[in-house]
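Below you'll find the structure, written out as structure tokens, and then a few comments.
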Amino acid sequence: MMNLDLSQAKIAVIGSGTMGIGIAQLAIVNGHSTILYDLDREKTQQAVDGLHQTFAKLTEKGKLTSEQAQQALSRLTIADQIEALASVDLVIEAVVEKLEVKQSLFKQLATICNDQTILASNTSSISVTAIASAVPHPERVVGLHFFNPAPVMKLVEIVQGLKTTEVLCQSLRTLMLAWNKIPVLTKSTPGFIVNRIARPFYAEAFRALQEQVTTYDQLDYALKQCGGFAMGPCELTDLIGQDVNFSVTQSVYEAFFYEPRYRPSLIQKELVDAGTWGRKSKQGFYRYDEKNQYVTFQPQLITAPSFHADVQVQGTWAQCPHLLERLGLSRALASNENIIQIDDVDLRLSQGESVNIDYPNRKTVLMDWHHHFEQAQAVVLSHNHLCQADDLATVEDFFAQSQIKVLWISDHPALLTLRTIVLLINEACEASLHGVASMEDIDNAMKYGVNYPKGPYQWMMQLGAEYVLATLNNLYAIYGEEKYRASLYLKQYVAKQQCIRADYSKDLKAFA
Ligand SMILES: NC(=O)c1ccc[n+]([C@@H]2O[C@H](COP(=O)([O-])OP(=O)(O)OC[C@H]3O[C@@H](n4cnc5c(N)ncnc54)[C@H](O)[C@@H]3O)[C@@H](O)[C@H]2O)c1
């Protein structure tokens, strides 16, 4: 069947709140005649007044000419009655996040509009299949999930309910590309792509805090410095709102019938119960003063040490490109094990082991993964109980020679960055196993929906799928918890090395 041509589609946006007005802005800027409807007429007028101000600012900044702004605004009308939407081609609803409200709205629209009118929901968590179930011709009901702020965020998840036609999804994909968005297609499963795959980013941070291995500010520093994330999980959840983030986790957990991978955190529940919701309540993990400033962790400056230890390298350290050069070490012969021996201390890259349980007989330090060792300012390490204070000082001096600061944390399998990244990869693999989205769309969703520096599959290529699997297997063996069980998809990928479509695998290799 031919794709629908939506380039001239007449659009209605229902709901003039945060999301609705942003979506209306996108529609009119992209040339669509657009009707805005909300139960609250006064609020709608205020939102439209705000849009006039937004356009004035965009004109001032030279992003739009005043003629373009005027033309765009002339395409927008406010409807006082829902009946005014009778002749539109595409309705995008952004009303309250309640199934009954969305169902009854679409049922009402089905009586006003014709059978072909596309009914799209901006829901972030409700099943599109469930919304569609109450509507005649459910094949025209679809999710069109914009991210906040809609005019700025590139990602749009196009959500296919059980009965939504493929043609409709593909047609909306074309429309979103024309709007200069990055559309991804996803099945209507809880959390769609982004809100599902992002769960371990928060969960593993809360877990590290619950297990008292580090502090929230060091954890944020580690994820930013070593993982390359724009924000750490604690400052990010403070920004999102601890209450909002907790309720998303809770809804995904419940929607997956209490799957342990998504179990909410007691640490976060405490914050929510205490009313410490983050920036909006002036306190979350951090405190926010009047100017909204907060103090992030900064490691101390490194003084040039005098370093005399004997250093021997084993293995190629393939997972850590540039590490050996950065540390001024020459490559060693290939070996099954990657070890940098500093006097009698073995320094190893973590593979999900517990430094105390797995290395009971030798002084051992495990190192967290770093996304860019060439430019590393810090490494995260943990040591076993055999290491004495002078051993730790020697290890610190060893890194200080290369201007790298050491952050010590307690014994924590896969430490902080490695653990977060392998669990994000594992979650992506589970989504692939269940056919939620393509690997390419999963990577795009995470890069453009939550600004991750890489997509999970790009990380998998960078780290090597075998190393990711070995890390997960070690975590699973140590904790004995379902949440660390490696996805069958990852196991199959490692076994066959051929799950990735040939064309995308070429792209992915470019990041390796
Ligand atoms: N805010 C976000 O960050 C965000 C991001 C992505 C998706 N979403 C989703 O977008 C939707 C809207 O969220 P929001 O933050 O813009 O909400 P909001 O509270 O800012 O706005 C909702 C608007 O809908 C109107 N409304 C409620 N019931 C209505 C009805 N039956 N008919 C017409 N208008 C009605 C209200 O008057 C209000 O103006 C929700 O489904 C939400 O889950 C929100």
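Over the Cα atoms of region 234-352, the radius of gyration divided by the Kirkwood radius equals 1.20; this is the Rg/Rh ratio. Among the trypsin sites (Lys or Arg not before Pro) within region 37-137, those in coil by DSSP and having at most 14 neighbouring Cβ atoms inside 10 Å are LYS61, LYS63, LYS98. Accessible surface for region 311-408, divided over its residues, is 44 Å² per residue with a 1.4 Å probe.
Gain on full extension, evaluated as 0.36 nm per residue between HIS308 and VAL96 minus their Cα-Cα distance, stands at 69.8 nm.
If only the Cβ of Lys and Arg carry +1 and only the Cβ of Asp and Glu carry -1, the dipole of the chain around its Cα centre is close to 1000 debye. Taking every alpha-carbon pair in the chain and binning the separations at 20 Å intervals from zero gives 21, 48, 25, 5, 0 percent.
Ellipsoid semi-axes for region 144-286, based on the Cα gyration tensor and the rule √(5λ), read 31, 18, 14 Å when sorted largest first. Relative to the Cα centre, the charge distribution of region 11-188, modelled as +1 at Lys and Arg Cβ and -1 at Asp and Glu Cβ, gives a dipole magnitude of about 480 debye. Only one residue of ASN195, THR129, PRO413 has its Cα farthest out toward the positive end of the dipole of the chain, where Lys and Arg carry +1 and Asp and Glu -1 on Cβ, and that residue is THR129. If the chain linking GLN388 and GLN298 were pulled fully straight, counting 0.36 nm for each residue of separation and taking away their Cα-Cα distance, it would gain 29.9 nm.
Each peptide among 122-135, 76-89 gets the average number of other Cβ atoms lying within 10 Å of its residues, and from highest to lowest they stand as 122-135, 76-89. For LYS405, the lysines whose Cα falls under 19 Å of its own Cα, not counting residues fewer than eight places away in the same chain, are LYS224. Taking the longest Cα principal axis of the chain as reference, the axis of helix 18-29 is set at about 70 degrees. Per the Cα gyration tensor, region 311-408 maps to an equivalent ellipsoid with semi-axes of 19, 16, 13 Å, ordered largest to smallest.
For the chain, DSSP calls about 35 percent of its internal beta bridges antiparallel.
Shape class for region 253-314, computed from the alpha carbon gyration tensor (a ≥ b ≥ c): oblate, with a/c not under 1.5 and a/b at or below b/c. Of LYS57/LYS187; LYS447/LYS483; LYS181/LYS496; LYS363/LYS496, which sit over 29 Å apart, Cα to Cα? Violating the 29 Å limit, Cα to Cα: LYS57/LYS187; LYS181/LYS496; LYS363/LYS496. Rolling a 1.4 Å probe over the heavy atoms of the protein chains gives region 11-188 an accessible area of 43 Å² per residue. For region 311-408, averaging the sequence separation of C-alpha pairs within contact (under 8 Å, six or more residues apart) and dividing by the residue count gives a relative contact order of 25 percent. Of the solvent-accessible surface of the chain, computed with a 1.4 Å probe over protein heavy atoms with every protein chain present, carbon and sulfur atoms account for 50 percent. Anisotropy class assigned to region 171-250 is prolate, per the alpha carbon gyration tensor with a/c at or over the 1.5 cut-off and a/b larger than b/c.
Only helices enter this figure: runs of n ≥ 4 DSSP H residues, each worth -39500 (n - 2.57), summed and divided by the residues of the chain, yield -12500 deg cm²/dmol at 222 nm to the nearest 500. The calculated FRET efficiency for the pair GLN401 and SER247, based on their C-beta separation and a Förster distance of 45 Å, comes to about 0.40. Relative contact order, whole percent, for region 154-228 stands at 28, derived from Cα pairs under 8 Å and 6 or more residues apart.
At q = 0.14, 0.22 Å⁻¹, work out log10 I(q)/I(0) for region 106-214 with the Debye formula, treating every Cα as an identical point scatterer and leaving solvent out; two decimals please. Per q value, in the given order, log10 I(q)/I(0) is -0.60, -1.14.
Relative to the longest principal axis of the Cα atoms of the chain, the long axis of helix 242-255 makes an angle of roughly 80 degrees. Using a cutoff of 8 angstrom between alpha carbon atoms and counting only pairs six or more residues apart, the relative contact order for the chain works out to 12 percent. Figure note: THR111, THR276 ranked by solvent-accessible area, largest first, 1.4 Å probe, ligands and nucleic acids not counted: THR111, THR276. Taken over region 11-188, the convex hull of the Cα atoms encloses 97 Å³ per residue.
Residues ARG196, ARG263 ordered from highest to lowest accessible area at a 1.4 Å probe: ARG263, ARG196.
The values are calculated or read from the model by the stated rules, or taken from the named source; none is laboratory data. All figures in this text were calculated on a predicted structure; none of them were measured in a lab. Counting neighbours? That spans all protein chains shown, and the Cβs are built from the backbone with ideal geometry, glycine included. Quick note on the areas: whole protein, heavy atoms, side chains included, nothing else; ligands and nucleic acids left out. Shrake-Rupley method; radii C 1.70, N 1.55, O 1.52, S 1.80 Å.
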